[in-house]
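I'd like to ask some things about the structure below.
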Amino acid sequence: MTYSSTDLLDLRDPSVDPLAVADAAAAVIARRTGTTRHDVALVLGSGWGQTAELIGPTLTTIDNADVPGFARAAVAGHSGVMRSVAIGDTGRCALVYGTRTHYYEGRGVRSVVHAVRTAAASGCTTIVLTNGCGGLNPAWTPGTPVLIRDHLNLTAASPIEGANFVDLTDLYSPRLRALARDVDPGLDEGVYVQFRGPHYETPAEVRMAKILGGDLVGMSTTLEAIAARQSGLEVLGISLVTNLAAGISDQPLSHAEVLEAGQAAAGRCGRLLAAVVARIGVT
């Protein structure tokens, strides 16, 4: 069954409880996959699409549009399906999203973080948020994965509604970052800055981000991370530098460049993330 905006589960309706929609989505996923609980969720951004195949065998594939609150992929290079994937032979399962809803799509913050809340409702205790982004450090050439240490949310929005005060001090788990560096000791880390998009940042905006302490710029992730913390999920964030940010490079920016860099780095990124996921929940 495909759900539309006319359903009672419309996230854009302020009278609808977004957690109830997440519960409904989790129930559909459980029924379609035959799995009552998933352990780890992954949101795959540009350049990370091969990860699912490297984690383990896909048990079930579900079209996003068949699950309450989800929609088809709106960005070229993203997959409009979610998968239930066996994590090797551990007996654990990963819920892998092949796309995300971006804030610039205009569907509202609830839609942006719906996958995160559905993951929590599906039993996940950990979520891995990935993205393709612009780099401010010239040493990070296209194809470089960088751990997210902290973020700057410049969207002027929050997924938290009402007087719910959530501590974000250690939002990006130090434990999971250390685990990732055990897999690849060469991993660097930085501060991710989310702009609203969909236009790329101007050179002046990139300079501002750098002055504020940013190292990476993009159009996703921070709102999802905040919702994950509110939902009690442990968060690992990893960016793939697909290009140098505006003003750092003298080349014009394009989505084709992002896709090209992501495809070139896909194997390395997928192997890295698969190795990290295999260790989550084991040690």
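In region 54-94, how many residues are farther than 30 Å from Tyr200 by Cα and at pLDDT 90 or above?
Pass one, region 54-94, residues farther than 30 Å from Tyr200 by Cα: 54-62, 66-68, 83-94.
Checking which are at pLDDT 90 or above leaves us with 55-62, 66-68, 83-87, 92-94.
Looking only at that region, the number is 19.
Take Gly88 and tell me if it is in contact with a Lys or Arg (Cβ under 7 Å, 6 or more places away or on another chain) and touching a residue at least 24 places away in the same chain (Cβ under 8 Å).
no
Scan region 49-63 residue by residue and report those that are of a type in the set (D, E, K, R) and more than 17 Å from Gly267 (Cα to Cα).
Result: Asp63, single match.
Quick one: which strands (runs of 3 or more DSSP E) sit completely within region 64-145 and have at least 3 residues that are hydroxyl-bearing (Ser, Thr, Tyr)?
In region 64-145, there are no strands (runs of 3 or more DSSP E) which contain 3 or more residues that are hydroxyl-bearing (Ser, Thr, Tyr).
Here's a follow-up. What is the residue count in region 218-270 for residues that are hydroxyl-bearing (Ser, Thr, Tyr), part of a helix (DSSP H, G or I) and modelled with pLDDT under 85?
0
The values are calculated or read from the model by the stated rules, or taken from the named source; none is laboratory data. Being a predicted model, the structure only gives us computed values, none of them experimental. Reconstructed Cβ throughout: ideal geometry from the backbone, glycine too, with neighbour counts over all protein chains shown.
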